[in-house]
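Notes for the one structure printed next.
The values are calculated or read from the model by the stated rules, or taken from the named source; none is laboratory data. Here the structure is a predicted model, which means the values were calculated and not measured. Just so you know, the surface numbers come from the protein's heavy atoms only, side chains and all, with ligands and any DNA or RNA stripped out. Shrake-Rupley method; radii C 1.70, N 1.55, O 1.52, S 1.80 Å.
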Amino acid sequence: MTTGTTLDHEQIIAQVFVFLLAGYETTATTLTFALYCLATNPEVQRKLQAEVDAQAHLLAQHTAVKAHVQLTPHSPTGAKGAAAGPTATSKAAAAGGQRWWALPSS
């Protein structure tokens, strides 16, 4: 393989397989040590669990919004055949102004 060429699907699978086999020992050791550290530090474990829960909540919100956008028209009124091009609302949103949809809270 030369520089600038792309891998096909079979080559990618082969590379991933090699990485998994070659990295198994170090990956397993690192994960085991990380879990040991969490088990012996309950306060850190609680903080990590809170962070994971927050990220899972944001992911769930993002997934719900994405599903909603895919299932509904892209105009706020639901009207078909809206004028092409950016609207005043989308221009304001792009400039950091007022939006007609709610953003997930942090």
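Could you pull the accessible area for residue 7 with a 1.4 Å probe, rounded to 10 Å²?
Residue 7 exposes around 80 Å² with every protein chain in place.
Want the number for residue 56 to residue 41: 0.36 nm per residue separation, take away the alpha-carbon distance, what's left?
3.2 nm
Ignoring ligands, DNA and RNA, what percent of the 1.4 Å accessible area of the range 9-63 is carbon and sulfur?
Using a 1.4 Å probe with all protein chains present, the range 9-63 comes out at 70 percent carbon and sulfur.
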